[in-house]
Amino acid sequence: MKITHLERRNGGKQRNSRSKGGLLLRLELPSKSGLLCAVRGAIERLTESFGFSPEDCRAVTRAVDEALTNIIRHAYCGRADRPIELIINSIHRHPNPKRVIPKRPVQRDGSNTAEGLEILICDRGPAIKPEQMCMRALEEVKAGGLGLHFIQQGMDIVEYTRAKESNRLRLVKYIHAPKQDVTS
Amino acid sequence: MEISTRKIDKTVIVDLSGDIDLGNTPAARKAFLREVKENRVPRVVINLSKVRYIDSSGVASLVEALKASRDVGSRLILIGLSTSVREVLQLSRLLKIFEIYDKEEEALAV
């Protein structure tokens, strides 16, 4: 597994209002199931240091793990020597929710922008047919079909694209403000 | 991941340790089904207290073992769910499907 860039952010205690966004982590790894544990460890640490809640750290880690599992199982049919690329960027959500701005300074001035992680996972397997991406109904008690649920439930944006003989899954998770109790 | 089994009277306890993911789910599934289908143990307790992470394939293996236990008329019990494992079963809407206890003594007492 090759790690080409990693930026830690103040141990998750305080986020620097002047810190730059952009690339946080880039991994190139073969499609070995034995590496999933190492990737989960990296994602856990990264999401913790980024300031996500423990629940959201687990959600992002689970989504990435399930996405990689799907690639190994379905795109590469269990082959352990195929390439997977994982890129994690810090991003901002503009007040206009359709406009996502990467690589901008963090705004902590009370504006409505939200900080988050953009995770791009690319493989060189065959194109995924829409019918292959179906989720089973949760009411059914049966084995299988849960991975996509975990990805959808855990992330704010899930997008799949096919380009240049690669599959690209884009996952985005924003840091959500803690829910406030309404006591009055 | 490590898997071991203990027998107490008519109960077999399957102790799991580590993460249950794509790489080791087949071993876990094999252990569950061996006790339920092959050995026809009347009560199988799966101890997840040392399992930090379980993925969808691990959940699928638990569901398969539960179905097999229903087919043969035995009981399958989960104990020691961590926050992470409980969360995954909750997301899968499977928490109420399984018989779950916090501690081994509780599972053996019922």
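Bear in mind these aren't lab numbers, they're just calculated from the coordinates by the rules spelled out. Source: prediction; values computed, not measured. Note that we place each Cβ from the backbone using ideal geometry, even for glycine, and neighbour counts take in every protein chain shown.
Worth a mention:
- Take each peptide in B:90-99, A:81-90, B:13-22, count the other Cβ atoms within 10 Å of every residue, and average; sorted highest first, the result is B:13-22, A:81-90, B:90-99.
- For peptide B:93-102, the mean count of partner chain Cβ atoms within 10 Å of a residue's Cβ comes to 1.
- At 0.890 mPa s and 25 °C, Stokes diffusion of region B:2-109 via Kirkwood alpha-carbon radius, µm² per second: 182
- Beta bridges per DSSP with both ends in region B:2-109, % antiparallel, nearest 5: 30
- For region A:31-50 versus region A:63-84, the gap between their alpha-carbon centres in whole angstrom: 14
- When each of A:173/B:50; B:37/B:67; A:129/A:173; B:30/B:50 is checked by Cα-Cα distance, pairs over 21 Å: A:173/B:50; A:129/A:173
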